[in-house]
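Working notes for the structure below.
The values are calculated or read from the model by the stated rules, or taken from the named source; none is laboratory data. Everything quoted here is computed from the prediction, not taken from an experiment. With ideal geometry, Cβ positions are generated from the backbone for all residues, glycine too; neighbour counts draw on all protein chains shown.
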Amino acid sequence: MKTVTTNLWRNALLATAAFAAIATPSAIAQDIGLPDWVDSDSERQGYEVAMRSDNSDNGFGDSRVEARMVLRNAAGQETSRELSFQTLERADNTVGDKSVVVFHTPADVEGTALLSHARILEPDDQWLYLPALARVRRISSANKSGPFVGSEFAFEDFTAVELNKYEHNYVSSGDVEIGGETMTVDIVERFPRYENSGYSRQVSYIDQDIYQIRRIEFFDRRGDLLKTLDLADYREYGDGIWRAHVLTMTNHQTGKSTELVYSDYEFGVGLSDNDFVRGVLERQY
């Protein structure tokens with residue numbers, strides 16, 4: 001979603017974020033240049049809105065957070081799992097964040113872990129550790145649209161938050177209610193540029209106040225609405241680091257849903273690239 005999750009930032013980038021908050025989108029785009037695929041006003045505006053949102057999330061360095069995953073079937077029956085996320089911010093815009101997701105309960109998924117190295121147009125690197133088999137399995141690029149551990153989140157949902165993975169197209173602005181909160185948003189379509197996506201397009205709702213994504217609608221390869229992700233209970237950490245604490249993914253075709261409820265985030269926990277290598281999955285979990 002970025003998380004469900006998923007982010008990069010600060011210090012030297014703080015000046016860039018401050019500039020982005022006061023400069024017009026056109027001025028920002030002219031300063032850094034537009035991608036080659038932009039050839040219309042709606043594409044330019046869509047990219048600028050998405051870029052402003054992406055820039056607002058720069059500078060966090062690394063993070064750790066505990067969460068509860070609640071799975072609901074079409075009849076409303078629930079099961080829950082406890083898990084944790086660790087994230088290391090990308091080095092620059094040519095690559096993506098690194099993350100590890102680890103399940104702690106219940107017993108049938110305890111120790112299951114997903115390591116992700118997000119890329120831009122190249123296939124993301126993802127490895128899944130299954131404790132019952134005591135081995136690490138690489139997730140092929142053709143299987144990333146499949147469900148992650150029985151949830152309504154796909155494997156690609158954990159890495160496909162990077163700005164340049166998409167072509168963007170501005171649709172409109174307006175007021176929407178999400179998580180009981182009414183806000184003014186910019187609505188931007190985004191079309192995957194990477195291969196083997198399970199989605200033909202996505203529609204993101206980006207609020208005009210703190211520039212965070214509040215909703216994403218996912219359309220399947222046939223073009224039909226498949227899922228909606230709502231991001232609610234945003235909280236600010238430090239100066240301008242925002243995180244949603246309730247993510248709800250609803251599958252409109254099956255009636256199932258998955259909710260992720262996050263505890264408080266920790267930042268600056270001292271993570272490094274060595275904490276995001278394949279061997280860590282077997283050694284620590």
Do you know which residues across the stretch 68-87 are within 10 Å of Glu259 (Cα to Cα) and of a type in the set (Gly, Ala, Ser)? Ser80
If we ask which residues in the stretch 216-239 are surrounded by 20 or more Cβ atoms within 10 Å (Cβ to Cβ) and outside any strand (DSSP E or B), their number turns out to be 0
Would it be correct to say that Arg222 is modelled with pLDDT under 95 and basic (Lys, Arg)? no
For a quick check of your reading: which strands (runs of 3 or more DSSP E) sit entirely within the stretch 122-215 and have at least 1 residues that are surrounded by 18 or more Cβ atoms within 10 Å (Cβ to Cβ)? 125-130, 166-178, 181-192, 201-207
